[in-house]
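The values are calculated or read from the model by the stated rules, or taken from the named source; none is laboratory data. All of these numbers come straight from a predicted model, not from anything done at the bench. Reconstructed Cβ throughout: ideal geometry from the backbone, glycine too, with neighbour counts over all protein chains shown. SASA here: full protein model, heavy atoms, side chains in, ligands and nucleic acids out. Shrake-Rupley method; radii C 1.70, N 1.55, O 1.52, S 1.80 Å.
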Amino acid sequence: MTPSNPKLKNRIGESLSGAQIIWESLVREGVEVCFGYPGGAIMPAYDAMIQYPIHHVLTRHEQGASHMADGYARASGQVGVCIATSGPGATNLVTGIATAMLDSIPMVCITGQVPSPLIGSDAFQETDITGCTIPVTKHNYLVTKAEQIAPTIREAFYIARSGRPGPVVVDITKDAQQQSCTFEWNDDEIVLPGYRPDYTPLPDQLAEAVDLIRNAKRPILFSGQGVIKSQATETLLQFIEKTNIPVACTLLGLGGFPATHPRNLGMMGMHGETWVNKAIQDADLIIAVGMRFDDRVTGNLKTYAPGAKKIHIELDPAEINKNVRVDVPIVGDARAVLQELLPHVERCDRPDWLAYIDDLKGNSAVRDIKNLPDLGKLYAAHVIHDLYRFTEGKALVVTDVGQHQMWEAQYYKHDYPRKLITSGGLGTMGFALPAGIGAKFAQPNDSVWVICGDGGFQMTQAELSTCAQEGIKVNVAIINNGFLGMVRQWQEFFFGGRYVATPLRSPDFVKIADAHGLTGLRVEKRSQVEEAVRTAESTEGTVVIDFRVEQEDSVYPMVPAGANLHDMIERPYKPGEQAHNPIFETGEDE
Amino acid sequence: MSQSVKRTFAVFVEDKPGVLNRVASLFRRRSFNIDSLNVGATHEPGVSRMTIVCEADEDTAKRIEANLYKMVNVLWVDDITHKQTISRVLALIKVHCNREQRDEILRICEVFRARAVDMSPDRLTIEITGPQDKVEGLVSVLRPFGILELVQTGAVAMTRGVEKHGLAHPTVPASRSSAA
Ligand SMILES: Cc1ncc(C[n+]2csc(CCOP(=O)(O)OP(=O)(O)O)c2C)c(N)n1
């Protein structure tokens, strides 16, 4: 790829410093923005940066930089880039790297390293960051010579984005940044002898899958993040409209198949819908597409989907039979495999199975918090449901980790891919604000809503100052329940109601916003939600809304960790309560 | 689920710094238990060969293979557990041995095709190469004499006969599927 950027002179063949080569390489990889924090061992690189058309966002903590790169990658589908110094700078990136690793997010992290003659001497700010990150990266490199920088960065981007994506760390010694060498850039296809990311599905397996689908009476299809990553949404729609197979989504799969499509049953797993989990348990065929049977979606493996044959369409062969034994593994790209299968599957209406699942819904509608009266209180689920309504389902939502994350997944209906960003695999609190900032850089025209708890927000709230400095706008909805809510819920359910270390005293978030020169709002009643959302949408600059919600509400339904998928704790139901329910009457959607 | 058995993998890797660390880290992280790991050069420049022995059932073996393939520096993985192989370990055994015992120990060595490589008035050092069970056999026969020191390598293994690894083109097969 020759740089399309006219501001970049063609300097191939010239003698450049390693520091310049870093940026030459990043520009050639299409990088426009990177997130970072300077320090001694990366200073030569920072010094060279101003010569290049890459916007650098100064974060307030390197964890913020890695989450921003991650959010950028998730929102754009491109590789996110972050940069930090050696030692503490590099180790601060690690939480963000591990987060990206577990969710297969393409990221390149550049770190400075002490000069190569000092490596191994416990030099000032020396950390073996390649050693540290072996288990949490797709691959990593230590670069000690200027001439290795360009080919290594090229390889790093290729590895990060190809196959099952993931983070790659490139650790570059200070002397390599300072040396000069002739800059060369090779545009040939990269061939790594030990790395073949693409797999072609075997014809036998495709044929077996078609057979299973033809003979299934009670099939269900799982739509995971792989559907979004391989841009399989369109193909999946065609597949479902032809076969009428009901779809269940994983948390990271939300948006891969439209939430409001009649065949979409909703989310599966620990906080999935009751009827979805029950349908899974009763199915005779599971077609799992781009998902990995995480323990949060399967519950007890011994009783999981006992009557179902399983087809697993997955890009990573190491996922096959990892958690659940499958009958037909198909290793390949989700879209390519669905396209192969599409002409061979039969049209089918399956009225019986669909009616059966409908019956499984039972009285879940009346237990749904959305349909319960607010009785003057503010419920988190109501806030999120309203947010969905008043943003017309079009926001790019970035959530943190905890109860609010699950309520978001349940009540904000995503019809489009890449409009929900959340830390699923690692469940990293503090993720939302920085990831939201990264997402905003990737999609400046989107209305970005960061939804977080009062706990998680405080982990990375310093990044508000990054918003202010960068002059960018995200809307932050703090679902403030005065507790580390999800942990409090577990204490209520499983630890005898002993609220140890979960009550949380917070600062005045409106004043925090104010102190940053940003707008802060407080909402205490349901009736104030709409105005606050609309004000946030129309106000310039980042807005923080402190939603003071009911303190001890819990997320339902819930499959306790390790329990059978069909053994769910449902929201307690008191008949008659919904009679004077204002939302029930308005009921404008669904 | 199939039985856990001792498995042997021949793993060809790029001879680069840190590769042993990466492979060891993978086994540790995924809780695959390594019995022994041996690494050394091959006849191809830039390519090292590991022999990894570990306990695993059929599914785990597939996952070990697939996870090894995910590593950028791993060129080729061969689960040779059920193939015709030659597998050897080497052991040095220093055993207590007075003048009267010497003949008997040397006769034992002959039976096992081991040989004495060092001697002092009251001890004898024996070298043996062979399959793991043969080495274990010798060790158990020598134990009553009093073993003073024992050191052994992990296994190195190679398939028999015509099957050989085309290391000139040692890439991942295009349509490999781990559970095919
Ligand atoms: C970095 C990190 N530390 C701890 C946890 C464990 N944890 C999961 S949810 C949760 C509570 C989150 O509380 P809050 O941010 O207020 O959100 P809520 O659950 O109340 O919506 C905690 C502590 C975590 N996921 N991440």
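Compare B:R30, A:R28, A:R548 by solvent-accessible area with a 1.4 Å probe and give them largest first, with all protein chains kept in place.
Result, largest first: A:R548, B:R30, A:R28.
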*Write down, largest first, the equivalent ellipsoid semi-axes of segment B:1-134 in whole Å, where each equals the square root of 5 times an eigenvalue of the alpha-carbon gyration tensor.*
37, 18, 13
*Compute the whole-percent fraction of alpha carbon pairs in the protein assembly as shown spaced more than 49 Å apart.*
26
*What list of ³J(HN,Hα) values in whole Hz, one per residue of segment A:460-469 in order, does the Karplus curve 6.51 cos²θ - 1.76 cosθ + 1.60 (θ = phi - 60°) give from phi, with Gly and Pro shown as x?*
9, 5, 4, 5, 4, 5, 5, 4, 5, 5
*Where a Cα-Cα gap under 27 Å defines reach, which lysines qualify for B:K94, not counting those fewer than 8 residues away within the same chain?*
B:K134
*Provide the descending list of Cα extents for segment A:258-381 along its principal axes, expressed in whole angstroms.*
52, 32, 26
_Below 23 Å, Cα to Cα, which lysines can A:K310 reach? Residues fewer than 8 away in the same chain don't count._
A:K217, A:K229, A:K242, A:K278, A:K302, A:K322, B:K62
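If A:K473, A:K302 are ordered by their accessible area, calculated over protein heavy atoms with a 1.4 Å probe, which sequence runs from highest to lowest?
A:K302, A:K473
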*For B:F145, what accessible area in Å² do you get when you roll a 1.4 Å probe over the heavy atoms of the protein chains, rounding to the nearest 10?*
30
*Based on DSSP H runs of at least 4 residues, each adding -39500 (n - 2.57), what is the mean residue ellipticity at 222 nm of chain A after dividing by all its residues, to the nearest 500 deg cm²/dmol?*
-10500 deg cm²/dmol
*So what does A:D316 come to for accessible area, using a 1.4 Å probe and Å² rounded to 10?*
10
*Nearest-10 value in Å² for the accessible area of A:D358, using the 1.4 Å probe*: 90
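How much of the DSSP beta bridge set in segment A:366-584 is antiparallel, as a percent to the nearest 5?
10
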*Using only Cα atoms, locate the centre of segment A:520-557 and the centre of segment A:162-184, then give the distance between them in Å, rounded to an integer.*
44
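How many partner chain Cβ atoms sit within 10 Å of a residue's Cβ in peptide A:186-194, on average, as a whole number?
For this peptide, the per-residue mean of nearby foreign Cβ atoms is 4.
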*Among the DSSP beta bridges whose two residues both lie in the protein assembly as shown, what percent are antiparallel, rounded to the nearest 5?*
45
*Out-of-range pairs (alpha-carbon distance over 22 Å; input A:K138/A:K419; A:K145/B:K16; A:K361/A:K574; A:K394/A:K440)*: A:K138/A:K419
*Let me know the mean shielding of B:26-37 by other chains, meaning the per-residue number of their Cβ atoms within 10 Å of its Cβ.*
1
*When DSSP assigns beta bridges and you keep just the ones with both residues in segment A:41-197, what percent turn out antiparallel, to the nearest 5?*
5
*Which is farthest toward the positive dipole end of the protein assembly as shown among A:Q405, A:T85, B:V5, measuring Cα position about the Cα centre, with Cβ charges +1 (Lys, Arg) and -1 (Asp, Glu)?*
B:V5
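From Cα pairs below 8 angstrom and at least 6 apart in sequence, can you work out the relative contact order of chain A, rounded to a whole percent? Mind showing how you got there, number by number?
Working: 1334 pairs, mean separation 81.4, N = 590.
Rounded, it is 14 percent for chain A.
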*Can you list the aspartates and glutamates whose alpha carbon sits under 17 Å from that of A:K525, skipping same-chain ones fewer than 8 residues off?*
A:D374, A:D386, A:D546, A:E550, A:E552, A:D553
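Quote the charge dipole size of the protein assembly as shown about the Cα centre in Debye, to the nearest 20; the model charges only the Cβ of Lys and Arg (+1) and of Asp and Glu (-1).
1120
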*Inter-chain Cβ neighbour average for residues A:321-330, partner chain, 10 Å*: 3
*Any chance you could give the angle, 0 to 90 degrees and rounded to 10, that helix A:233-243 forms with the longest Cα principal axis of chain A?*
30
*asked:* From Cα pairs below 8 angstrom and at least 6 apart in sequence, can you work out the relative contact order of segment B:5-83, rounded to a whole percent?
replied: 47
